[in-house]
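Visitor: The structure is given below, and queries will be raised subsequently.
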Amino acid sequence: MQHRTMWTFVSLIILAAAACGGGSDAPAESAMPAAAAPPAFDPATAGSVMGMITLEGTPPAAETIRMNSDPACAELASDTETEYYVVGGSGGLGNVFVYVKEGLEGRSFPVPDEPAMIDQVGCRYTPHVFGMRVGQTLKIRNSDATLHNIHATPAANPEFNMGQPIQGMEFDRTFEAAEVMVPFKCDVHGWMNAYVGVLDHPYFAVTGDDGNFDISELPPGDYVVEAWHEELGTQMQNVTVGEGGTAEVSFTFTVG
Amino acid sequence: MHWLHRYNRLLAAATLLLITAGGLVTSTGSGLAVPDWPNTYGYFMFAFPLSGMVGGILYEHGHRLIASVVGMLTIGLAVWLAQKEPRRWVRHIGWIALAAVVVQGLLGGITVLYFLPPPISISHAGLAQVFFALVVSLAIFTSPGWLARYGRSTDGERRIAADGILRRLVIVVPAAIYGQILLGAAMRHTGAGLAIPDFPLAFGRLLPPVWDPAIAIHFAHRVGALMVTLAVLATAGHVLAHHGGRRELTRPAWLLGALVFAQVTLGAWTVLSARDVTINTAHVATGALLFATAIVLCLRTHRDRFSDVAARIAAAPDAASAVAIGAPGGAEAGR
């Protein structure tokens, strides 16, 4: 009886399997730095940053999403085109997240009681790009008569993945750290994705189809404003907001 | 015993189907389409409605259902072996296979609950192949050919036993293939599948002009593929040249050659098609088949090391001097 041979054979296989394991992901840091006392800010002196995001070049044509992997989606969906590039008549680029990246350090702002909202409607996320505050409640709703999972894949906040198998089901979540952007996806329906910018201040906006944005009620000061697009990346500009003034800033993304 | 062998082959086929379904899960990015485990969207997994088998759930929940069937078949195999199998070491391998499939199920659950951490997912992929190898080995150990020692005479057994080159090659090949499988799993679970977007060159050159972990893993997999291909061709060529009369060796040797050709083609095609789901999944399944075939050739080559044959050779008169090492197998027909 060649036990040694048999055990050698088995041991080699088991050892090979064991060798491939090891390690673990470190938990994402969620601690938020303590805010210093905010400098005095007279609301009467507030200004704003306005502008337009434009797209140069011809973006890839929107593609029709095949939703037949879920008959309910194929029946429910009214919008089946990809929305990577939303371009208005004057070249304005929609779904761009614009926010104050630098210049507000040391200030703190009250977190709104009203929740932010993301819904699953017609097997798409609504809205596709949006902003919310650190500590603000995010209400996640499934308005579809089919099941979804909502899977957030942040870098600075804890990842989560929740199933919503029943129409009308709602969950609440919060993010404890600022992060631009937190992606959402549905692993059931691979075409569903959305992005949320999580900030510790209220100075952000998302461009509409015309590419325009308006960030108002901003304390006077020098800022770095960043524009983020899911396919085209980010651009930054310095801007100075005077007392009661409006600073105009425009970004041009290029494609092709 | 004959039915036990058939049952074993059924389990091996089910395991290959399970590995293919697992490949589909990763190829379609459906690994987290069912966020909970062991339940499915709150349902006991066997009670989950068929109407919910949509999109990524079809792949992920389907994978879990096939895994359950494989798990139950493995329990049946271990119990069957425990009751009917006279060889203790075979019974032990049955229990080891059962332990492996249990651990495999747990790894599958853990990787879902922790959002697919690469070390766990790679372990899941690696253990899947180990389990497959165990099941295929059991199918070999319970096969009529194995039990009949492939019709080898003592001299025939000695001829194979004395072929040190073959004996080493058939161990190197499955080890190298398994290393390749682990590298492939690392590529798959770290998103490095397209880290080098062209083929056969790397960014238009023989060596990548830039390096990062993803490119390194991807390039290592390509180099590994070359080494495995050479090892397989050397082994198959050696078998055909020196043991051409032994069908139990030549058949897996031919199959190895065909599979390695298919596997390299599928690997290239996976890159060039930007990870087409069907091609990518076929690459996983063919890799498993390649590994299993290498295990079969290894076991058949080393048949004499298992007790009954070894004892027979030891008891026979010394005919080593009459054996032409590496000569063709002659009139002995394998099964």
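Visitor: Under the definition of Cα pairs under 8 Å and six or more residues apart, what whole-number percent is the relative contact order of the stretch A:45-88?
Guide: 39 percent
Visitor: What order do you get for A:215-228, B:203-216, B:290-303 when each peptide is scored by the mean count of other beta carbon atoms within 10 Å, highest first? Provide the component values of the computation, followed by the final result.
Guide: On the way: A:215-228: 19.3, B:203-216: 11.4, B:290-303: 24.3.
The packing order, highest mean first, is B:290-303, A:215-228, B:203-216.
Visitor: Let me ask something additional. So for A:147, B:226, fewest C-beta neighbours within 10 Å to most, what's the order? Let's see the in-between values first.
Guide: Values: A:147 27, B:226 11.
With the sparsest Cβ surroundings first, the list reads B:226, A:147.
Visitor: Explain nothing, just compute: Karplus ³J(HN,Hα) = 6.51 cos²θ - 1.76 cosθ + 1.60, θ = phi - 60°, for every residue of the stretch A:218-227 in order, whole Hz, x for Gly and Pro.
Guide: For the stretch A:218-227, the Karplus curve yields 8, x, x, x, 9, 9, 10, 10, 10, 10 Hz.
Visitor: Collect residues whose amide H, placed 1.01 Å from N in the peptide plane, falls under 5 Å from the amide H of residue A:93; neighbours closer than 5 in sequence don't count.
Guide: Answer set, sorted by chain and number: A:53, A:54, A:55, A:88, A:211.
Visitor: Given H placed on each backbone N at 1.01 Å, which residues far from residue A:124 in sequence or on other chains put an amide H within less than 5 Å of it?
Guide: Sorted by chain and number, the residues that satisfy this come to none at all.
Visitor: Turning to a different aspect of this structure: In the stretch B:136-196, which chymotrypsin sites (Phe, Trp or Tyr not before Pro) fall in coil by DSSP and have 11 or fewer other Cβ atoms within 10 Å?
Guide: none
Visitor: Among the lysines, select those whose C-alpha is under 29 Å from the C-alpha of residue A:139, and discard any that sit fewer than 8 residues away in the same chain.
Guide: A:101, A:185
Visitor: Can you tell me how much longer the chain between residue A:81 and residue A:217 gets when fully stretched, taken as 0.36 nm per residue apart minus their C-alpha distance, in nm with one decimal?
Guide: Working: separation 136, 0.36 × 136 = 48.96 nm, distance 3.57 nm.
Going from the current span to full extension adds 45.4 nm.
Visitor: Amide H neighbours of residue A:180 under 5 Å, counting only residues 5+ apart in sequence or on other chains, H built in-plane at 1.01 Å?
Guide: A:198
Visitor: Another question, if that's okay. Using Cα pairs under 8 angstrom and six or more residues apart, how large is the relative contact order of the stretch B:1-132, in percent?
Guide: Values: 110 pairs, mean separation 36.4, N = 132.
Contact order relative to length: 28 percent.
Visitor: OK, next. Want the number for residue B:199 to residue B:79: 0.36 nm per residue separation, take away the alpha-carbon distance, what's left?
Guide: Full-extension gain reported as 38.4 nm.
Visitor: Taking each residue in B:150-162, count the Cβ atoms of any other chain within 10 Å of its Cβ, then average. What number comes out?
Guide: Across B:150-162, the average partner-chain Cβ count within 10 Å equals 0.
Visitor: Each residue of the stretch A:126-140 in turn: what ³J(HN,Hα) in whole Hz from Karplus with 6.51, -1.76, 1.60 and θ = phi - 60°, glycine and Pro shown as x?
Guide: Taking θ as phi minus 60°, the curve returns 10, x, 7, 10, 7, x, 7, 9, 4, x, 6, 6, 9, 8, 10 Hz for the stretch A:126-140.
Visitor: Tell me the GluC sites (Glu not before Pro) within the stretch A:34-137 that lie in a loop according to DSSP and have at most 11 other beta-carbon atoms within 10 Å.
Guide: When the GluC sites (Glu not before Pro) of the stretch A:34-137 are filtered for loop state and at most 11 Cβ neighbours within 10 Å, A:63, A:105 remain.
Visitor: Let me ask something else. For every other residue with a beta carbon closer than 9 angstrom to the beta carbon of residue A:51, add +1 if it is Lys or Arg and -1 if Asp or Glu, then tell me the sum.
Guide: Local charge sum for residue A:51: -2.
Visitor: Please give the net charge around residue A:255, taking every other residue with its beta carbon less than 11 angstrom from that of residue A:255, where Lys and Arg add +1 and Asp and Glu add -1.
Guide: -2
Visitor: Starting from the stretch B:1-71, pick out the chymotrypsin sites (Phe, Trp or Tyr not before Pro) whose DSSP state is loop and whose Cβ has at most 11 other Cβ atoms within 10 Å. It would help to have the intermediate numbers written out before the result.
Guide: On the way: sites: B:3, B:7, B:41, B:43, B:44, B:46, B:59; in loops: B:41, B:44.
Sparse-neighbourhood loop chymotrypsin sites (Phe, Trp or Tyr not before Pro): B:44.
Visitor: Now, a different point. Relative contact order of chain B, please, whole-number percent, based on alpha carbon pairs below 8 angstrom and at least 6 residues apart.
Guide: 24 percent
Visitor: Also, quick follow-up: How large is ³J(HN,Hα), in whole Hz, for each residue of the stretch A:160-177 in order, when computed from phi with the Karplus curve 6.51 cos²θ - 1.76 cosθ + 1.60 and θ = phi - 60°, using x for Gly and Pro?
Guide: Ordered by residue, 3J(HN,Hα) equals 9, 8, 10, x, 10, x, 10, 4, x, 5, 10, 10, 10, 9, 10, 10, 9, 9 Hz.
Visitor: May I pose another question? Given a Förster distance of 51 Å, report the FRET efficiency between residue A:56 and residue B:102 from their Cβ-Cβ distance, rounded to the nearest 0.05.
Guide: Details: r = 58 Å, r/R0 = 1.14.
Using R0 = 51 Å, I get an efficiency of 0.30.
Visitor: How far apart, in nm, are the 7 Å Cα→Cβ label points at residue A:113 and residue B:165?
Guide: About 8.6 nm, to one decimal.
Visitor: Helix-only mean residue ellipticity at 222 nm, chain B, DSSP H runs n ≥ 4 weighted -39,500 (n - 2.57), per residue, nearest 500. What is it?
Guide: That calculation yields -24500 deg cm²/dmol at 222 nm.
Quick note: the coordinates plus some simple rules give every number you see, no bench work behind them. For clarity, every value in this text was computed on a predicted model and none was experimentally measured. Don't worry about glycine lacking a Cβ; one is built from the backbone with ideal geometry, like all the others, and counts go over all protein chains shown.
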